[in-house]
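First up is the structure itself, then whatever we jot down about it.
Taken together, the values in this text are just the output of simple stated rules run on the coordinates, not laboratory data. In this text the structure is predicted, and so the values were computed from the model without any measurement. Neighbour counts are summed over all protein chains in view; Cβ atoms, including those assigned to glycine, are modelled from backbone coordinates with ideal geometry.
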Amino acid sequence: MSGEPLVEVQGLGKLFPRAGARARRGEGLWAVRDVSFTVRAGETVALVGESGAGKSTVGRCLLGLTDPTTGVVEVGGFDLAALRRGARRAHRSQIGAVFQDSSSSLNPRWTIERSVRHPLDVHRRDSTAERGRRVRELLARVGLTDAHARRVPSQLSGGERQRAAIARALVLGPRLIVCDEPTSALDVSVQAQIVELLMSLQVEQQVACVFISHDLAVVRAVSDRIMVMRDGAVVETGAAEALLAAPASAYTQELLAAVPDAPYSDPPQPSRQGVPS
Amino acid sequence: MSGEALVRVAGLTVTARGRRRGDDGATIVRDVELELDRGKTLGVVGESGSGKSTVALSILGLLGPGLHAEGSVAFDGRELLHRSEPELRPIRGAEIGAVFQNPFRSLNPSLRVGVQIRETVMLDGHERRAAEQTAIELLGQVGLPDPERAAASYPHTLSGGMQQRVAIALSIARDPRLLIADEPTTALDVRVQAQILELLARLVRERDMALILISHDLGVVASVADRIAVMYSGRVVESGPAADVFRSAAHPYSHALLESAPRLRGPHGLAASLRGSATPPSVPMDGCRFAPRCTFAVPRCSTNEPPLEVVDDRGHRAACWELPWTPTAHGDAAELRKSRS
Amino acid sequence: MTDVASNVRVAVPGATTDAGRQGSSLRLAFADPVAIAGLIAVGVVLLIAVAGPLVLPDPNAIDAPAALQGPSGAHLLGTDPFGRDLLSRVAEGLRTSLWLSALSVGAAALIGVPLGLIAGFGGAVTDAVIARVLDAVLAFPTLLLALFVVAALGPGVAHLAIALALVFMPYFARLARSEAQELRTAGFVEAATAYGTPRIKVLFSVALPNVLPPLLVQLSLSVGFAILAEAGLSFLGLGVRPPQAALGLMLKEAQDYVSTFPWYSIVPGVAIMLAVGSCMLLGEGIDRGLDPKRGGGFRER
């Protein structure tokens with residue numbers, strides 16, 4: 001788990017200018033303020049916070065979908081924002097993305113196979129036959145059949161779509177995946193499956209993960225380290241279990257106290273194999 | 001308890017009319033039975049597509065066109081199903097209030113909050129001045145720090161949590177005896193969620209109001225409900241006192257659901273004890289609808305559908321052929337989990 | 001652009017195991033009764049326009065003794081003051097109208113759609129510039145603008161086509177722009193950017209196919225409006241010139257006979273109504289068929 005530093009974020013800030021105001025005057029909303037962190041190869045770091053905490057903006061900066069206003073975001077030694085267009089595009093194959101809403105994150109008019117294959121086509125990886133093989137292999141790995149591959153997203157369940165999105169995120173063999181609320185739209189039972197899949201794939205493919213979520217319980221299950229954000233700034237960082245067991249900041253304590261934890265149940269036992277009542 | 005129930009739903013079946021002729025309607029909810037006493041809280045738990053919201057809409061008489069309900073929904077001894085809109089109107093709002101997931105959608109964006117509540121209060125024949133006063137009192141009761149200012153503001157200027165508080169104030173404005181809250185905290189942040197749940201619990205206590213709380217989140221339901229109904233694929237598969245259902249879930253689905261929930265405390269990790277996804281209620285199927293995903297399924301499960309049967313004398317019921325389940329100690333539980341995985 | 005073609009192919013065949021849940025989008029569209037009616041109506045108009053000139057008498061053949069007659073065996077829809085066959089002239093007029101409208105609307109779409117996509121996907125400055133230009137064009141009443149253009153260029157079929165293309169272009173651009181703005185933040189477009197798809201490819205191969213359905217509706221409606229505009233301009237003498245037959249021109253000529261021989265006005269009037277109405281019906285039908293609430297498969301949300 002303690003590999004080389006893969007992601008280095010230094011003093012990241014993002015300003016969304018108020019309508020009409022000029023960004024350089026510093027007017028508007030700082031969605032992210034002076035955020036610094038490191039993600040090591042193969043490690044999972046969770047960004048936690050309530051809505052508006054700026055966690056998704058950090059994710060978008062990592063993905064190069066938003067350029068930082070201040071600071072540097074380096075993935076694998078390169079600063080996406082500083083690269084020229086061609087190099088930037090090539091470098092993007094290092095980072096995969098899984099979004100919350102699987103119904104919109106897959107092209108509604110493309111088959112699953114085409115969506116998963118598209119990154120390979122864009123980067124002209126391998127031969128055509130090889131691409132097909134890689135896609136089928138990966139789809140099978142995430143638990144989708146050839147029949148699923150031929151369908152369009154609206155014909156799949158939310159969980160199946162999210163599996164496809166995970167396959168797409170991994171198809172280029174990235175070193176980092178950014179998962180923005182990947183399970184928030186899913187049912188509890190499906191969420192558990194997807195989290196399990198993500199975690200096993202992450203170990204298998206040795207890919208680091210930035211896991212963005214508002215759900216502390218899910219975060220606890222997936223992450224090595226946790227970064228709690230509030231109003232764009234980092235409130236607290238630490239090893240997952242330690243931070244959750246003994247949060248240092250009042251804010252984290254408050255968050256933890258507010259989570260209604262699911263009750264425990266004794267397992268049911270069928271009468272035929274059970275203790276006599 | 002049986003004679004006194006405020007709400008009694010029995011044999012409720014909702015079907016969607018087929019789009020083409022000759023097409024049998026698709027079942028959305030089947031044979032649902034629920035019971036709720038005055039001043040108590042019933043939690044309805046289920047995953048998406050389990051039909052929990054359809055049950056709520058049936059009670060409110062708000063099923064859309066194309067949906068057809070059969071069975072019985074009795075409220076305070078009066079049958080609500082198949083009532084005409086004018087017959088329902090004096091009941092809905094006045095005696096049964098409703099709060100939904102998205103508060104902004106239940107508020108009129110172009111009217112000040114106070115005006116909306118005032119108009120609602122005035123439906124009961126109160127005078128304008130008095131209704132205005134009541135509106136401000138209601139906003140105070142739902143925990144808005146500055147009720148006067150809130151009354152003068154438009155919904156979009158309030159935060160999501162504030163909006164939900166206003167929506168709750170609106171729903172209790174006519175002092176209903178039953179409040180139906182469908183995923184009222186799902187769109188909110190955890191800290192706000194905790195506050196809203198607390199508010200709902202307080203209102204139930206103070207106003208002797210019954211509450212039906214519908215949620216996919218076991219933790220949310222567990223924190224407020226007296227009784228629980230677990231729904232799966234359009235059926236109630238287990239119901240009973242909250243403590244009993246959560247402590248010793250009798251239906252394998254309820255238990256697997258509890259096991260799948262990520263937790264903040266206790267053993268680390270997530271148990272993906274449910275494979276695949278639920279069969280939609282519209283898909284016809286023999287036997288228990290949970291059978292394909294059930295670890296305990298026996299041959300009979302895939303041929304005959306189990307009825308909701310009594311588990312114990314506290315009103316705990318479950319629909320499973322392999323009843324009765326007997327509770328075991330936690331140690332056994334861990335072993336069982338191990339042996340299954 | 002080969003990509004675009006294959007996108008369409010992917011979505012069109014209901015290549016599915018359960019066709020009930022999601023059939024082909026287009027098939028769904030054309031299963032709608034309104035769409036079928038529209039399709040039939042457009043078919044009839046096209047048939048008259050295309051087959052008419054092949055089987056009917058010469059529209060310019062003058063038969064003075066037979067002038068201003070009602071329907072008869074020799075002249076199914078009667079004759080005009082020169083004894084020319086009205087059905088032949090209507091068919092000829094429809095043909096002129098249809099190809100002129102289709103051509104100009106097609107050109108409008110070809111220019112407008114990419115412009116709109118670029119505005120919707122591009123930076124704030126690009127968008128602002130394009131949007132203001134479009135607003136400026138849209139601010140003129142449609143017919144008036146066409147009139148100005150034809151007046152400036154001089155009357156004639158070619159100039160009329162240019163005028164119509166210019167007039168209809170902003171509608172396509174505006175539609176494409178608003179769809180693009182919505183698509184721009186769609187997950188699959190962002191995902192495509194995130195894994196390094198070049199921008200131009202995102203625009204035309206990822207996004208464009210998703211804009212096609214509403215464009216189809218706009219195309220159909222616009223052809224209808226263009227027919228009307230062409231008739232109006234020809235009526236004013238700014239479009240097709242005699243002796244070529246055009247519906248607007250026929251109406252103009254019929255003006256003098258409104259009280260003595262109203263039939264002469266009714267024939268081209270009804271023809272215009274039919275042509276425009278059928279396009280509207282088809283547009284409405286496609287729109288209904290594509291409406292997700294009615295089970296259309298194009299835009300699920």
Report task. Between B:T157, B:T41, B:T120, find the one with the highest GNM mean-square fluctuation for chain B; connect C-alpha pairs within less than 10 Å. Result -> B:T157
Report summary line: Rg/Rh over Cα atoms for chain A, Kirkwood Rh, comes to 1.01
Requested in this report: Would you work out the relative contact order for segment C:166-301, in percent, from Cα pairs under 8 angstrom that are 6 or more residues apart?
Outcome: 21 percent
Report task. Would you mind computing, in nm to one decimal, how far apart the modelled labels at C:L143 and A:A248 are, each placed 7 Å from Cα along Cα→Cβ? Result -> 7.6 nm
Query raised in the report: In deg cm²/dmol, rounded to 500, what helix-only [θ] at 222 nm does chain B give when every DSSP H run of at least 4 residues adds -39500 (n - 2.57) and the total is split over its residues?
Result: -9000 deg cm²/dmol
**Report entry** D (Stokes-Einstein, µm²/s), Kirkwood Cα radius, segment B:66-166, 1.306 mPa s at 10 °C
**Finding:** 104 µm²/s
Query raised in the report: Using a basic spin-label model with each label point 7 Å from the Cα along Cα→Cβ, how many nm lie between A:E137 and B:E137?
Result: 7.3 nm
Report task. With N set to the residue count of the protein assembly as shown, report its C-alpha Rg divided by 2.2 N^0.38 Å to two decimal places. Result -> 1.12
**Report entry** Helix-only mean residue ellipticity at 222 nm for chain A, each DSSP H run of n ≥ 4 adding -39500 (n - 2.57), per residue, nearest 500
**Finding:** -10500 deg cm²/dmol
Report task. Along Cα→Cβ, 7 Å out, is where each label goes; now give me the distance between the ones at A:Q10 and C:L103 in nm to one decimal. Result -> 6.4 nm
Requested in this report: List every residue whose amide H lies under 5 Å from the amide H of B:V29, counting only residues 5 or more places away in sequence or on a different chain, with H placed 1.01 Å from N in the peptide plane.
Outcome: B:V14
Query - For segment C:185-269, the fraction of alpha-carbon pairs in successive 10 Å shells from zero, as % - result: 16, 26, 16, 13, 14, 11, 4, 0
Query raised in the report: For chain C, what is the Kirkwood estimate of the hydrodynamic radius, computed as the reciprocal of the mean inverse distance between distinct Cα atoms, to one decimal in Å?
Result: 21.2 Å
Report task. Per DSSP H run of at least 4 residues, take -39500 (n - 2.57); add these up for chain C, divide by its residues and hand me the 222 nm value, nearest 500 deg cm²/dmol. Result -> -23000 deg cm²/dmol
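Please express the shape of segment A:113-224 as an equivalent ellipsoid: the semi-axes are the square roots of 5 times the eigenvalues of the C-alpha gyration tensor, given largest first in whole angstrom. Mind dumping the intermediate values first?
On the way: eigenvalues 117, 56, 23 Å².
The equivalent ellipsoid of segment A:113-224 has semi-axes of 24, 17, 11 Å.
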Report summary line: Any residue on another chain or 5+ positions along whose placed amide H is under 5 Å from the amide H of A:G3 is listed here as A:A41
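Checking understanding here: applying a Kyte-Doolittle mean of at least -1.0 and a length along the axis of at least 30 Å (C-alpha), which whole DSSP H helices in chain C pass?
Details: long enough: C:33-55 (31 Å, 2.54); C:86-121 (50 Å, 1.35); C:157-184 (39 Å, 0.75); C:208-235 (39 Å, 1.43); C:263-290 (40 Å, 1.15).
Membrane-span-like by this criterion, though nothing is claimed about a membrane: C:33-55, C:86-121, C:157-184, C:208-235, C:263-290.
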**Report entry** Packing-based order for C:33-43, B:180-190, using average beta carbon neighbours within 10 Å, highest first
**Finding:** B:180-190, C:33-43
Report summary line: Most packed first (mean Cβ within 10 Å per residue), the peptides B:282-293, C:169-180 order as C:169-180, B:282-293
**Report entry** Percent of beta bridges antiparallel (DSSP, segment B:106-259, rounded to nearest 5)
**Finding:** 55 percent
Query - Cα-based Kirkwood hydrodynamic radius, segment C:32-164, one decimal, Å - result: 18.2 Å
